[in-house]
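Asks: There's a structure below that I have some questions on.
The values are calculated or read from the model by the stated rules, or taken from the named source; none is laboratory data. Just so we're clear, the structure is a prediction, and the values are computed from it rather than from any experiment. When we count neighbours, we look across all protein chains shown, and the Cβ atoms used for this are built from the backbone with ideal geometry, even at glycine.
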Amino acid sequence: MSILIPAIKIMQNDRPILMFSIPAIDLRYISYFNPREIDREKGIQRPYKSERSKDIAAYIDTEDSVLANDIIINVELEKNGLSMENIYDEFTGKLDYQILKETSESLSNKQKIAFVVDGQHRLRAFEYAEKQEFPLIVAALIDLSLAEVAELFVKINYYQKPVNKSHVLDLLGISENIFPQYFKLHKVVEKLNEDIASPFYGNIKMLGLGKGYISQASIISSIEKYKLEKILIDAKIETSEEVLYNVIWNFFKAVENTFSVHWGSNRFLSKTIGIRSLFIVLGHILSKTIQKKKEFSYINIEKELKIIDHSIFNNPDITGFGGESGVKQLSKKMIEVMG
């Protein structure tokens, strides 16, 4: 029985490339690697480093993981007695995965039908990740020779140089003049990560880099999505970098003090759903504090948060929440308890 996958055929200089998406577990099944530490004569890929794949695997298993760049493979049809017509129907635009699978089953474990040209660390990350059905973007070249594969690999990797992360915003065109709002929030989050007294100290992945448990993008998105600045603007309070920093610092310092058992790496409130829910609660308490003309200090915020029973964060009905609907349900329950 055929297993058909939608695929787009692209021609570049008379060479076909098939673009499609496939679960990681299925791509691994038909793929093989040939790093130089295995084959010094013909090995093309750079040495495999398991730690790098483990780091990628840890990211894949987070709630907001995205692998937007494609895995490049070379499908070796001719040497296995196949042709493009055997695996791809141009009329329907479907790729027959079953043929690729069966051909790979007939070969040794070392050599399957598809050679991974670029993306071995990303694909091998699924040796450690839990999300085996994670859909990957694949660019499949057809019947390249070893020399052509080597040349392509060099062009992809050799000429790319690491970019200092301090220059990334400039390269993306995100400057104070072009995107002042984003730039301001970036500076707020950067300070939250670098201030040793901050509840987020050293735990924010700036520009997606680092070992923190929350990303800069998630915090900035929460500030914007849950309209933190609008609450201040409506109250005629300045929304400067310093004011925003103090508001966020005070609230999450109170969270850290009140819910220390549930705050920190791999703990419920420090996961994406927890932090986004807390930003909604932050907006609720900030509005309430402004209305009562009280000081928005972490001591006053703690008085509000202490009303919440810690058992709410151990309830499977709560911890099982996911996505934006989960964020809203969790924040609603916390706000209802506070009144």
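Asks: Output yes when any residue across the range 82-96 is out of contact with any helix residue (DSSP H, G or I) (no Cβ under 8 Å at 6 or more places or on another chain), on the phi > 0 side of the Ramachandran plot and at pLDDT 95 or above, and no when none is.
Replies: Yes: the range 82-96 contains one or more residues that are out of contact with any helix residue (DSSP H, G or I) (no Cβ under 8 Å at 6 or more places or on another chain), on the phi > 0 side of the Ramachandran plot and at pLDDT 95 or above.
Asks: Does Gly339 count as out of contact with any Asp or Glu (no Cβ under 9 Å at 6 or more places or on another chain) and either over 21 Å from Ala197 (Cα atoms) or among the basic types (Lys, Arg) (or both)?
Replies: yes
Asks: May I pose another question? Can you tell me how many residues within the range 34-68 are at pLDDT below 90, within 24 Å of the chain's Cα centre (by Cα) and crowded, with 17+ Cβ neighbours inside 10 Å?
Replies: Count: 0.
Asks: Do you know which of the residues in the range 311-331 that are assigned to a helix (DSSP H, G or I) and loosely packed, with under 14 Cβ neighbours inside 10 Å is modelled with the lowest pLDDT?
Replies: Going through the qualifying residues, I end up with Asp317.
Asks: Could you count how many residues in the range 245-295 are in a loop (DSSP other than H, G, I, E, B) and either outside the structural domain of Lys184 (by TED's automatic domain parsing) or over 22 Å from Lys332 (Cβ atoms) (or both)?
Replies: Selection size over the range 245-295: 6.
Asks: Does the range 187-220 hold any residues that are touching a residue at least 40 places away in the same chain (Cβ under 8 Å) and not aliphatic (A, V, I, L, M), and which are they?
Replies: Scanning the range 187-220 gives Lys187, Lys191, Asp195, Ser198, Pro199, Phe200, Asn203, Tyr213, Ser215, Ser218.
Asks: Pick from the range 116-149 the residues that are within 16 Å of Arg15 (Cβ to Cβ) and in a helix (DSSP H, G or I): which of them is modelled with the lowest pLDDT?
Replies: Checked the range 116-149; the qualifying residue modelled with the lowest pLDDT is Ala147.
Asks: Within the range 119-133, can you find the residues that are buried (at least 17 other Cβ atoms within 10 Å of the Cβ) and aromatic (Phe, Trp, Tyr)?
Replies: Matches in the range 119-133: Phe126 only.
Asks: Look at the range 1-33 and say how many of its residues are surrounded by fewer than 18 Cβ atoms within 10 Å (Cβ to Cβ), out of contact with any Asp or Glu (no Cβ under 7 Å at 6 or more places or on another chain) and either part of a helix (DSSP H, G or I) or of a type in the set (Ser, Thr, Tyr) (or both).
Replies: 2
Asks: Consider only pairs whose beta carbons are under 9 Å apart and that are at least six residues apart or on different chains; among these, list those whose first residue lies in the range 230-241 and is among the small types (Gly, Ala, Ser) and whose second residue is surrounded by 12 or more Cβ atoms within 10 Å (Cβ to Cβ).
Replies: From residues that are among the small types (Gly, Ala, Ser), the pairs are Ala235/Leu286; Ala235/Ser287; Ala235/Ile290; Ser240/Lys184.
Asks: Tell me yes or no: at least one residue of the range 154-175 is farther than 30 Å from Phe259 by Cβ, modelled with pLDDT under 70 and in contact with a His (Cβ under 9 Å, 6 or more places away or on another chain).
Replies: Among the residues of the range 154-175, at least one is farther than 30 Å from Phe259 by Cβ, modelled with pLDDT under 70 and in contact with a His (Cβ under 9 Å, 6 or more places away or on another chain), which makes the answer yes.
Asks: Consider the range 222-240. How many of its residues are crowded, with 16+ Cβ neighbours inside 10 Å and not in a loop (DSSP other than H, G, I, E, B)?
Replies: Total satisfying the criteria: 6.
Asks: To continue, here is another question. Run Leu107 past the list (1) closer than 29 Å to Asn13 by Cα; (2) in contact (Cβ under 8 Å) with a residue 24 or more places away in the chain and report the number of the one that doesn't hold.
Replies: Single failed check for Leu107: (1).
Asks: Of the residues Ser104, Ser83, only one is of a type outside the set (D, E, K, R) and closer than 16 Å to Ile3 by Cα; which?
Replies: Within the list Ser104, Ser83, the selection yields Ser104.
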